[in-house]
1. Is there a residue in the stretch 323-330 that is within 13 Å of ligand 1 (Cβ to nearest atom), closer than 28 Å to Arg153 by Cβ and either of a type outside the set (A, V, I, L, M, F, W, C) or buried (at least 18 other Cβ atoms within 10 Å of the Cβ) (or both)?
2. Taking into account only those residues within the stretch 105-161 that are aromatic (Phe, Trp, Tyr) and not in a helix (DSSP H, G or I), which is farthest from Phe85 (Cα to Cα)?
3. Looking at the stretch 276-292, which of the residues that are in contact with a helix residue (DSSP H, G or I) (Cβ under 9 Å, 6 or more places away or on another chain) and open to solvent by 20 Å² or more (accessible area, probe 1.4 Å) is farthest from ligand 1 (Cβ to nearest atom)?
4. Pick from Ala282, Ala315: which is within 23 Å of Arg102 (Cβ to Cβ) and either within 18 Å of the chain's Cα centre (by Cα) or free of Cβ contacts under 8 Å to residues at least 24 places away in the same chain (or both)?
5. If you go through the stretch 185-211 one residue at a time, how many are touching a Ser or Thr at 6+ places or on another chain (Cβ under 6 Å) and hydrophobic (A, V, I, L, M, F, W, C)?
6. Might you check whether a residue that is in contact (Cβ under 8 Å) with a residue 24 or more places away in the chain, open to solvent by 40 Å² or more (accessible area, probe 1.4 Å) and over 30 Å from Ile227 (Cβ atoms) occurs anywhere in the stretch 298-312?
7. Conditions first: (1) of a type outside the set (Phe, Trp, Tyr); (2) part of a strand (DSSP E or B); (3) open to solvent by 30 Å² or more (accessible area, probe 1.4 Å). Glu247 passes all but one, so which condition is the exception?
8. Please enumerate the residues belonging to the stretch 162-191 that are part of a strand (DSSP E or B), touching a Lys or Arg at 6+ places or on another chain (Cβ under 9 Å) and open to solvent by 10 Å² or more (accessible area, probe 1.4 Å).
Amino acid sequence: MASLAKARTMTSPIAFRHLPHPRPTAPATRDAALADPGFGKIFSDHMISIEFTRGRGWHSATLGPREPIALDPACAVLHYAQEIFEGLKAYRLADGGTALFRPKANAARFNRSAARLAMPEMPEDTFVEAIRQLVLADAEWFPPVEGGSLYLRPFMFASETFLGVRPSNEYRFLVIASPAGNYFKSGAPAVSIWVSQDYTRAASGGTGAAKCGGNYAASLVPQAEAIARGHDQVVFLDAAERKWIEELGGMNLFFVFADGTMLTPPLGGTILPGITRDSLIALARDEGLEVREERYSLDQWRDDSASGKLTETFACGTAAVVTAVGRVAGQDGEFTVGSGGPGQVTSKLRQRLVAIQRGEAPDPHGWVTRLS
Ligand code: PLP
Ligand code: COI
């Protein structure tokens with residue numbers, strides 16, 4: 001399977017046909033939507049579409065109007081959820097240009113997800129070029145709000161009309177763009193999280209490290225439980241012992257100790273290898289901080305918060321950037337982390353990351369891909 005997928009990625013870069021938009025959004029309507037974009041609620045005018053047919057490879061690449069797509073009721077994805085996605089942001093730079101943050105890392109993770117879901121890989125250059133074309137076409141859709149960006153959602157699904165349980169022979173790859181403000185309403189300084197003890201997100205050998213829609217479908221009930229109990233997000237424990245902290249429904253976690261060291265759960269196949277996580281490990285190490293990728297238990301988290309050994313916890317991800325965790329609650333009661341608000345390390349790392357992403361600080365790791 002893996003070698004077949006690799007062979008298909010050897011095709012030459014694909015040319016995109018541009019389909020004119022018959023009715024682009026009126027500037028006044030667009031500007032009104034951009035004034036308060038929230039997250040995932042509004043969408044730009046265009047989309048990318050590329051098709052895959054087994055035996056032919058990737059073909060029919062277009063940049064065209066964003067529009068509904070028709071699916072046969074027997075379309076494979078509707079039955080067996082053979083679907084993967086990515087999430088990354090385009091930023092308006094300090095000098096007025098636009099840029100992506102580590103798009104090749106998203107392309108590589110997309111292909112690792114594809115391999116796990118028995119889907120064809122997408123050449124990394126085509127993945128990045130598709131995103132570049134969409135951002136350039138929708139350059140008017142950057143929200144002029146604090147922390148605003150154009151959130152890109154590349155995704156691929158099994159599009160064959162077939163009910164047998166086997167990898168589809170046809171796929172569609174699409175990219176849509178959604179102007180985004182803060183992920184958490186009111187741009188909360190710290191979020192409150194609920195520890196799910198009844199549900200887990202991923203088990204060893206499962207799909208936890210892949211960004212597939214099914215993982216998110218399975219997280220909806222525990223996430224709804226967190227909301228019903230008055231919290232912002234759910235945090236999952238490991239499936240084997242129900243003891244070790246894994247990650248939130250859509251973010252990785254970091255713990256900061258009074259001795260200045262940091263810890264984040266290791267990538268063992270059950271958590272998503274976050275690109276923000278990877279970037280923050282590098283930035284913290286640049287600052288001379290020690291970062292350990294080690295398991296950390298819920299009991300330790302509670303005890304270290306009480307004793308003051310742990311001073312900060314933060315969540316990170318493309319959508320949520322870096323957000324402090326102030327309060328943690330579970331079946332056995334709740335506790336506060338540090339001051340309950342963003343600590344110094346959290347604030348400093350957030351600032352450093354955002355400054356690089358927006359071209360306001362040097363980019364020592366070469367993470368920023370300028371588009372215009
Ligand atoms: N963990 C999960 C389950 C996620 O959905 C995300 C978001 O993409 C992350 C972690 C953070 O990953 P990244 O930093 O690449 O956005
Ligand atoms: C992201 O941060 O890009 C995510 O995918 C998290 C969530 C919106 C699913």
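The values are calculated or read from the model by the stated rules, or taken from the named source; none is laboratory data. On a predicted model such as this, the values are computed, not experimentally measured, just so you know. For neighbour counting, all protein chains shown are included, and Cβ atoms are generated from backbone atoms with ideal geometry for every residue, glycine included. Protein only, heavy atoms only, side chains kept; ligands, DNA and RNA dropped before computing areas. Shrake-Rupley method; radii C 1.70, N 1.55, O 1.52, S 1.80 Å.
1. Yes, the stretch 323-330 has at least one match.
2. Looking at residues that are aromatic (Phe, Trp, Tyr) and not in a helix (DSSP H, G or I), I get Phe142.
3. Per the stated criteria, the residue is Glu290.
4. Exactly one residue qualifies, and that residue is Ala315.
5. Matching residues across the stretch 185-211 total 3.
6. Yes, the stretch 298-312 has at least one match.
7. Unmet condition: (3).
8. Glu170, Ile176, Ala190
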